[in-house]
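Structure first, commentary second.
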Amino acid sequence: MSDPATATSRTRPAIPESIASGRVIAIGRRLDPSTVPSIGAALLAGGIRAFEVTMNSSSALDVIGALTKRFAPDELLIGAGTVLDLAAAQGAVDAGARFIVMPHTDMAIVEWAAGCGIAAFPGSFTPTEILAAWRAGAAAVKLFPASAVGPAFVRELRGPLPEIPLIPTGGVTLENAAGFLDAGAVAVGMGSWLTGSGEPEVVRERAAAVIAALAAVDWRP
């Protein structure tokens, strides 16, 4: 009988290079669709190369489609967040999303994404959830809400589970982002602090500030 973890490792999608090297996923929630292209350009100007559009708005698929038409994947990688079911995952990928992010661990979505070659980042909080998400085929696991446990949790978890890449999300700001990476996270997800203003110049300045802060962290998983 084959080992499920070994079988999964043969089909597990890689973490996209824009995330692995850039180490930040910008998250846009309920942003004005008319401003999103400018925000995407501001993120890129600030050095961030991955942009997650959450699916909890009626315009999400249109926004994903517009962004993927404007930016090449190796320029600004567009993904979908707050993906709660398979129908939403399929719709997001059809619209052009190159990665899928969830606030929870849904094995069906993770396994579907792995089968399609799409990187999935399921949200998990406990060691049991994190390991289950990894074994299902996640490219990395979203630690959520990260602010509830802080960088120390990442450092402790990497002791027994060093092979699982973590992306802390939820309450990540300029003040704590570097701490999460220094503790061993592969990247961080940044939402309201980074994009919440909806003002492109503010977004550009904050993107540049966090990229500069993370550049000082030498350790990488």
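Quick check on this structure: which one of 164, 130, 78, 109 is buried (at least 17 other Cβ atoms within 10 Å of the Cβ), at pLDDT 95 or above and assigned to a strand (DSSP E or B)? Write out each step before concluding.
Working: 164 fails: assigned to a strand (DSSP E or B); 130 fails: assigned to a strand (DSSP E or B); 109 fails: assigned to a strand (DSSP E or B).
Unique residue meeting the criteria: 78.
For the stretch 146-185, filtering for residues that are out of contact with any helix residue (DSSP H, G or I) (no Cβ under 9 Å at 6 or more places or on another chain), of a type in the set (D, E, K, R) and in contact (Cβ under 8 Å) with a residue 12 or more places away in the chain leaves 1.
Of everything in the stretch 81-90, what is over 14 Å from the mean Cα position of the chain (by Cα) and either buried (at least 24 other Cβ atoms within 10 Å of the Cβ) or polar (S, T, N, Q) (or both)? Give them in sequence order.
The initial filter retains those residues of the stretch 81-90 that are over 14 Å from the mean Cα position of the chain (by Cα), namely 84-90.
If the condition is that a residue be over 14 Å from the mean Cα position of the chain (by Cα) and either buried (at least 24 other Cβ atoms within 10 Å of the Cβ) or polar (S, T, N, Q) (or both), then 89, 90 are the ones that fit.
Surrounded by 24 or more Cβ atoms within 10 Å (Cβ to Cβ), touching a strand residue (DSSP E or B) at 6+ places or on another chain (Cβ under 8 Å) and assigned to a helix (DSSP H, G or I), is that true of residue 154? Judged against the criteria, residue 154 is not a match. What is the residue count in the stretch 94-104 for residues that are surrounded by fewer than 24 Cβ atoms within 10 Å (Cβ to Cβ) and touching a helix residue (DSSP H, G or I) at 6+ places or on another chain (Cβ under 7 Å)? Qualifying residue count, the stretch 94-104: 2. Taking the stretch 192-213 as the range and being under 30 Å from residue 162 (Cβ atoms) and either in contact with a Pro (Cβ under 9 Å, 6 or more places away or on another chain) or crowded, with 20+ Cβ neighbours inside 10 Å (or both) as the test, the residues that pass are 194, 207, 210.
Within this structure, residue 72 passes the test of being of a type in the set (Gly, Ala, Ser) and part of a loop (DSSP other than H, G, I, E, B).
Of the set (1) more than 18 Å from residue 133 (Cβ to Cβ); (2) out of contact with any Gly (no Cβ under 9 Å at 6 or more places or on another chain); (3) touching a residue at least 24 places away in the same chain (Cβ under 8 Å), all apply to residue 199 but (3). Contact map, the stretch 44-58: residues that are crowded, with 20+ Cβ neighbours inside 10 Å and assigned to a loop (DSSP other than H, G, I, E, B) paired with residues that are acidic (Asp, Glu) and modelled with pLDDT of 95 or more, Cβ distance under 8 Å, separation 6+ or inter-chain. Pairs shown: 49/75. Whenever a residue of the stretch 84-108 is farther than 19 Å from residue 50 by Cα, its partners that are in a loop (DSSP other than H, G, I, E, B) and not polar (S, T, N, Q), lying with C-beta atoms within less than 6 angstrom and at least six residues away or across chains, give the pairs 88/55; 105/122.
The values are calculated or read from the model by the stated rules, or taken from the named source; none is laboratory data. What you are looking at is a predicted structure, and each value in this text was computed from that prediction instead of being measured. Neighbour counts run over all protein chains shown; Cβ positions are idealised from the backbone, glycine included.
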